[in-house]
Structures are given as structure tokens and as C-alpha cells.
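Asker: Here it is: the structure, laid out below.
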Amino acid sequence: MTRTAPRPKALVSGASIAGPALAFWLNRHGFEVTVVEKAGTLRGGGYPIDVRGTALDVVERMGILPRLRDAHIDLRRLTFRDGDGGEVASLHPHAVTGGVAGRDLEIRRGDLTDALYGAVRDDVEFLFDDSVDTLDQSGHGVDVTFRGGGSRTFDLVFGADGMHSRTREMLFGPEERFHRYLGYCFAVFTMRNTLGLSHETVMWNTPGRAAALYAVGDDDEVHAFLNFARPEPPFDAFGSPDAQRDLLAEAFADAGWEVPGILTALRDADDVFFDAVGQIRMPRWSSGRVALLGDAAHAPSFLTGQGTSLALVGAYMLAGSLADRDHAAGFAAYERGTRDFVTLNQNLVGQGGATLFPTTARALEQRNDRLRGLSAMPAPEPRPAHSALTLPVFGGR
């Protein structure tokens, strides 16, 4: 009788996008996978995210591309307005994002998380309402204690726990060492669709300030977005919803267009997400038997529109790099194969900030002139960075 070797055990911290995608591919490559998530359930949220370029090849290989195509929300118009609410330009969103009509996807975040979870839930253990408390690599594996009590040992541990990753902090130290602040803060929340918007985004700008309403369908609700320039991150506000609301009210106190109504809705909203706009840039993404992926390793910021795509591609590359190697060689191969793609996409940030959020009157005027020119031109070429990595085939899969 032959005895098969036990499957190596892997723990993934975080069940957003990078985590379930990694769990899917690790399972394919022979790992026994557990995913731990501090929230009590999948965190959906209807705001739109993009899946572009190489990431489309990943979801196709996962078998979920048809489902995601069905969920494509097809934003048809992006309208820019000036300080008084007058129209500057109205154009197709791809003219600004570099997306490719008919290929790239824009979907509600919850539709992607549901598809990823559906693809892996029968093969992987999920622990909701729990999180990693400590990691100890002094033995042959990684000894993990959980916040909810109990401890287990895993062969490998992965941090897919977002830009403010606790896994990264435990391994590499405080976030400030790796956080590159990009000069803005933002808030996103839902409010009533009082303007009757449908499949479109409307964005108001004055120097250093932007307000937008995203209507991803014909719904009664829209996603409100507020963004403002600030020289330093407001660290005192990050843990205080009241301080965040006060900061936003102060920043937009004299704003025109629909902004007063957006601020009123902000006071009553129960789903406000507030953060600084920044990137995570690290010299390496692993330490011992623990590795980072997605925003925990290399958040590019929403200015690039590539956070979701980098998470999906990174998950595929990380699991595949471990398919026929030990962890040290696998982690090295993961960085070797993925870092240039990540850096190229992180560097798109210069284009994003200048287009959407000019901070001076002159820069805003120049931006508006460019937008008016775009509306009269054919659709631009896709951005090379989105498809700069050709997916390898790992382990015959």
C-alpha cells in the first residue's frame, strides 16, 4: 500500500479579492487551504472596480469570466463639471481610464467577491469573524494563534489583509516604513440617487477638491465620492468617524454644485469608508514562510485603477511559483516574475492624479482643455501596463 504525503497546509489572512483568488490557485496546486477573515461575512459593496488586461486571463483560467461578463455594469458616460456646476466635458470612461471597450470589465465589488468565493468555498476552509493574533516561525512551520482563541501550525502563511495589513506589520514593522502618501484623502459612501443618474459618473472639481456620484445601474442609490488634497495624512482622523466627517465638512464647506447635499447625506451614512490615497512600496514581499500579496504587498492606489487586477495576477503568480518549489525558491520566483508588472502599474499613478484631481487653478484649466480635446477624438489605445505580463502556465495547469 502506498502512502501519499500529506498536503501542505496554508493559511490565508483576508477574504476580500487577493485572498480567495490565492486560495483557489493554492488548492489547485495541492495545498490544504484555510482562509481567515475578521469580518463576520463576505464584504460586498457595490462600488465599481475594474478587471483589465492580464487579470482577465486569470479569471478566465479560474472559469469565472462568463459570470463576470454577465455582471459587467457598462458605465457609459463620465461627465466633468466645474466649480459652478457647468459641464466641462462628457465622454466615455475608457477615454480617461485606458480601458478597452468590449474586453475590460467594470463590475460591482460584491459581484467579484461572490464569484471568487463561489469558485473556492467547497474546497477551502473559511473562518469568518476571526483573525491572526500572533505568528511564530521559530519551529518547522508557522505557529499561529487566533484572536478568537486556539492555535494551529501551518507550512505557509499569506497576508492578503489589505493596505493596512496586520500581517505586514507583524513581519516587517509599522506601515509608515512602506506607505507612500500621494497627497489626497477620500471618502466613499452610498446615498439616494436624487439626480436620476443611470450607468454614469458625474465629477465636480475645483483646485484640490473633487466630488463625484457613481450610478452603476438604474438603482435608487448612488456611490458618493469626496476627495481633497492635504499635505500630510490626518492620522488623528483615521480612527474617528466623527473626525472624518468634520474634516470633510470643513474641506468642502463653500463647495457648489450638489456638494451640500452630498455632505448632508454623509452625516447620516452608515457605510462611510475614509482613507488616505497612498501606495505600499516594499523591497521584498516575504519573510521566512510568510508572504504578502495584493494591497498588503503593493497597493497601487485607486488613482491607477489597477488594485483589483494586481491582486488577481499576484495571487496566480504566487501560487504557481510555489507549485514545484520549496517556499524560499517559490517566493523568490514570485517576486522575480511579478515585481516589474506591479511597478509598471504603480507608476501609472502620475497620470491618474493629474487627470482627475488637479491641485492648482492652472493645472485644472489644462486638465479641462485636455478633456475637451478627448471628447472630440476616437477612443485611445489601451495602456500597455495593463497587459504587460503574459501569464505562464504552472505545473501543467
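Asker: Hey, does the stretch 238-248 have a residue that's buried (at least 16 other Cβ atoms within 10 Å of the Cβ) and assigned to a loop (DSSP other than H, G, I, E, B)?
Answerer: no
Asker: Could you list, in sequence order, the residues of the stretch 124-168 that are out of contact with any Ser or Thr (no Cβ under 9 Å at 6 or more places or on another chain) and small (G, A, S)?
Answerer: Matches in the stretch 124-168: S138, G149, G150.
Asker: For the stretch 90-104, indicate whether the set of residues that are open to solvent by less than 50 Å² (accessible area, probe 1.4 Å), closer than 21 Å to N345 by Cα and touching a Gly at 6+ places or on another chain (Cβ under 6 Å) is non-empty.
Answerer: Within the stretch 90-104, one or more residues are open to solvent by less than 50 Å² (accessible area, probe 1.4 Å), closer than 21 Å to N345 by Cα and touching a Gly at 6+ places or on another chain (Cβ under 6 Å).
Asker: Give me a count of the residues in the stretch 156-170 that are at pLDDT 95 or above and open to solvent by 40 Å² or more (accessible area, probe 1.4 Å).
Answerer: Number satisfying all stated conditions: 4.
Asker: Of all strands (runs of 3 or more DSSP E) completely enclosed by the stretch 1-92, which ones contain at least 3 residues that are closer than 16 Å to F158 by Cα?
Answerer: Output list reads 9-13, 32-37.
Asker: Then there's this: Got at least one residue in the stretch 93-105 being in a strand (DSSP E or B) and within 30 Å of R367 (Cα to Cα)?
Answerer: yes
Asker: Step by step: first the residues of the stretch 298-336, then only those that are at pLDDT below 95 and among the polar types (S, T, N, Q), then the one that is farthest from D50 (Cα to Cα). Which residue is that?
Answerer: Residue satisfying both the conditions and the ranking: S301.
One line per residue, one yes/no per condition, for (1) without any contact (Cβ under 8 Å) to a residue 12 or more places away in the chain; (2) open to solvent by less than 10 Å² (accessible area, probe 1.4 Å); (3) closer than 22 Å to A187 by Cβ; (4) among the acidic types (D, E):
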| position | (1), (2), (3), (4) |
| --- | --- |
| D295 | no, no, yes, yes |
| A315 | no, yes, no, no |
| A319 | no, yes, no, no |
| E335 | no, no, no, yes |
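Asker: Given the criterion on the phi < 0 side of the Ramachandran plot and modelled with pLDDT under 95, identify the matching residue among D340, D295, D275.
Answerer: When all the criteria are applied, what remains is D275.
Asker: Going through A253, A224, A215 one at a time, which residue ends up being small (G, A, S), without any contact (Cβ under 8 Å) to a residue 24 or more places away in the chain and crowded, with 20+ Cβ neighbours inside 10 Å?
Answerer: A215
Asker: Restricting the stretch 3-24 to residues that are in contact (Cβ under 8 Å) with a residue 60 or more places away in the chain and over 19 Å from the mean Cα position of the chain (by Cα), which is most open to solvent (accessible area, probe 1.4 Å)?
Answerer: In this case the residue turns out to be K9.
Asker: Can you tell me which condition A237 does not meet? The list is (1) in contact with a Leu (Cβ under 7 Å, 6 or more places away or on another chain); (2) among the small types (G, A, S); (3) more than 26 Å from E175 (Cα to Cα), and all the others hold.
Answerer: (3) is the only condition that A237 fails.
Asker: Just to be sure I understand, how many residues within the stretch 144-155 are assigned to a strand (DSSP E or B) and open to solvent by less than 60 Å² (accessible area, probe 1.4 Å)?
Answerer: Looking only at that region, the number is 4.
Asker: Still on this structure: For A329, which of the numbered conditions (1) open to solvent by less than 10 Å² (accessible area, probe 1.4 Å); (2) of a type outside the set (K, R); (3) over 11 Å from the mean Cα position of the chain (by Cα) fails to hold?
Answerer: Going through (1) open to solvent by less than 10 Å² (accessible area, probe 1.4 Å); (2) of a type outside the set (K, R); (3) over 11 Å from the mean Cα position of the chain (by Cα) one by one, A329 breaks only (1).
Asker: Okay, moving on. List, please: which pairs have Cβ atoms under 6 Å, are six or more places apart or on different chains, and start with a residue in the stretch 94-108 that is hydroxyl-bearing (S, T, Y) and end with one that is at pLDDT 85 or above and open to solvent by less than 60 Å² (accessible area, probe 1.4 Å)?
Answerer: T97/G305
Asker: When you go through T54, T113, T34 one by one, which is the residue that is of a type in the set (S, T, N, Q), in contact with a Pro (Cβ under 9 Å, 6 or more places away or on another chain) and modelled with pLDDT of 90 or more?
Answerer: Residue meeting the stated conditions: T113.
Asker: From D74, D122, grab the single residue that is farther than 30 Å from L247 by Cβ and either touching a residue at least 60 places away in the same chain (Cβ under 8 Å) or in contact with a strand residue (DSSP E or B) (Cβ under 9 Å, 6 or more places away or on another chain) (or both).
Answerer: So the residue among D74, D122 that is farther than 30 Å from L247 by Cβ and either touching a residue at least 60 places away in the same chain (Cβ under 8 Å) or in contact with a strand residue (DSSP E or B) (Cβ under 9 Å, 6 or more places away or on another chain) (or both) is D74.
Asker: For the stretch 177-194, give me each residue that is open to solvent by 40 Å² or more (accessible area, probe 1.4 Å) and either in a loop (DSSP other than H, G, I, E, B) or closer than 30 Å to S287 by Cα (or both).
Answerer: Selection gives R177, H179, R180, Y181, T194.
Asker: Based on this model, can you work out whether L197 counts as open to solvent by less than 50 Å² (accessible area, probe 1.4 Å), farther than 30 Å from L356 by Cα and not in a strand (DSSP E or B)?
Answerer: Against the criterion (open to solvent by less than 50 Å² (accessible area, probe 1.4 Å), farther than 30 Å from L356 by Cα and not in a strand (DSSP E or B)), L197 does not qualify.
Asker: Additional query: Take the conditions crowded, with 24+ Cβ neighbours inside 10 Å and on the phi < 0 side of the Ramachandran plot and apply them to L266. Does it pass?
Answerer: no
Asker: From the list P174, P231, which residue is open to solvent by 30 Å² or more (accessible area, probe 1.4 Å) and in contact (Cβ under 8 Å) with a residue 12 or more places away in the chain?
Answerer: It is P231.
The values are calculated or read from the model by the stated rules, or taken from the named source; none is laboratory data. From a predicted model like this one, the values you see are computed outputs, not experimental measurements. Cβ sites come from the backbone with ideal geometry, for glycine too, and all protein chains shown count toward neighbours. For accessibility, only protein heavy atoms count, side chains too; no ligands or nucleic acids. Shrake-Rupley method; radii C 1.70, N 1.55, O 1.52, S 1.80 Å.
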